[in-house]
1. What order do you get for TYR380, TYR280, TYR414 when you list them from fewest to most C-beta neighbours inside 10 Å?
2. For the residues ILE303, ILE219, what sequence is obtained by ranking on other C-beta atoms within 10 Å, fewest first?
3. Taking 0.36 nm per residue of sequence separation and subtracting the Cα-Cα distance, how much length would be gained by fully extending the chain between GLU73 and ALA322, in nm to one decimal?
4. How far is helix 213-224 tilted, in degrees, relative to the longest principal axis of the Cα atoms in the chain, given as a value from 0 to 90 rounded to the nearest 10?
5. Angle between the Cα long axis of helix 44-53 and the longest principal axis of the chain, 0 to 90 degrees, nearest 10?
6. With viscosity set to 1.002 mPa s at 20 °C, what whole-number translational diffusion coefficient in µm²/s follows for the range 2-423 from Stokes-Einstein and a Kirkwood radius over Cα pairs?
7. If each residue's Cβ is checked for other Cβ atoms within 10 Å, how do LYS293, LYS119 rank with the fewest at the top?
8. Once fully extended, how much extra length lies between GLU126 and ALA406, figured as 0.36 nm per residue of separation less the alpha-carbon to alpha-carbon distance?
Amino acid sequence: MLVEDGLIRAVGEVDRDGADTVDAGGCLVLPGAIDVHTHVFGGIRDDSRSALCGGTTSALAFVDALPGERPAEAARRTLADEMPESLIDLAFHAVIWEPQAYRRGDLAEAAALGVGSVKLWLAYLELGIQADDDVALRVMQEAAELGMVVLAHCENGRAIDVLTRQLVEQGRLGIDSLPRSRPIELEAECVHRFLVLAGLAGATPYVVHLTGRAPLEEITAARGRGQTVHGEVCTHHLLFDRSHHEGDDAVRYVMTPPLRTGDDQQALLDGLRDGGVSTYASDHCHLRLDRDKLPVLGDFTRIPTGMPGIGARLPLGFGLLAPEQLVEVACAAPARIFGLCPRKGAIAAGSDADIVVWDPSVPSRLTMDVINDGLDWSPYEHMPVAGSIRHVLAGGDHVVADGRFAGDQHRGRYLPVSRVLETA
Ligand SMILES: [Zn+2]
């Protein structure tokens, strides 16, 4: 392919006269990956460097609001303060962070900035971010008018609150209480309810971090009724099972929803392979072990949930899926669902020159040097990888060359979503 001015100019027989050449002999060449589910603000420089090292050249990122801040204000502040530090291209997800403060028009204001999606938390009563059905329905009605995708964290927060309080009253504060307080039935019930409400509102629902068979079956059933539904699986739910919530290392695996059984992992993997699951994401959180997690080790209700993984996601994906399947769920489908086509997610004339050269003949291992996110741990450290990244181009810049990061001077760009700009 011929790359010029940050774009792919031509694919196939190209005129190489005067051009620098990147040799991809024996390698796979794929579009720069897109991580749909990331919490990068606050650590954007480190996280975006890790992303590039792992072949992820674009991401969608949650724009957390400050107290009292409306979604569009949060997006404007993030554009000004965080975006200049990003080494990858970013589109934004608005968040409903204070559900009681939501008012109609909040989403239209965000859409006018090119924000094409919004996230609801249907759990986390204790954090004050849980949207109950009334707010969730109103948010979805406005999102439907604007053509915004609605993402939801699906767990029944009120039932989880009861179970959590009972465990705390019994003095059972160990991390093994985490899965007991958040059974998969309460995830599946919430997926069902979310999809019903989205159907009533006419909105496009996207279920984040599915963890197993029962919630996935709710998506399959809704599709069987004719509904368009997107479902996402994250790296940790594929690679780890619920035994990781017990034992000395359990603090490394604190996330919500929690880890499930081997059968659930198999259901997720089958879903990624057969189209039952739409996307493969990281749910990357910029959390340190020493500062954020270990000080509150003795109380599962106080340990910040989530783990880093933006750089590990794509390399680990080669061990899980065939390359064509991986490109679909990690590159192409993310661009289609979130309105970034044809600029992203494809190797085609006119698309951004975001390109990964993957060498399947050189197995590697995820060391902290490779992950390169500035954090003091990774749940994926030392894991074997079924190949290695040889080159990454981001917007035509050669940001990983012969396996070494060279992208400090590269800058990411904001990706406004034209679908919502036309509607708002
Ligand atoms: Zn998340």
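1. Fewest-to-most Cβ neighbours within 10 Å comes out as TYR414, TYR380, TYR280.
2. Working: ILE303 21, ILE219 24.
Fewest to most other Cβ atoms nearby, the residues stand as ILE303, ILE219.
3. Values: separation 249, 0.36 × 249 = 89.64 nm, distance 4.16 nm.
Extra length from GLU73 to ALA322 when fully extended: 85.5 nm.
4. Orientation of helix 213-224: about 80 degrees from the principal axis.
5. For helix 44-53, the angle is close to 60 degrees.
6. Numbers: Rh = 21.6 Å.
For these conditions, the coefficient is 99 µm²/s.
7. Details: LYS293 20, LYS119 23.
By the 10 Å Cβ count, ascending: LYS293, LYS119.
8. Values: separation 280, 0.36 × 280 = 100.80 nm, distance 4.31 nm.
Value of the extension gain: 96.5 nm.
Quick note: the coordinates plus some simple rules give every number you see, no bench work behind them. Remember, it's a predicted structure, so these values are computed and weren't measured experimentally. Backbone-built Cβ (ideal geometry, glycine too); neighbour counts: all protein chains shown.
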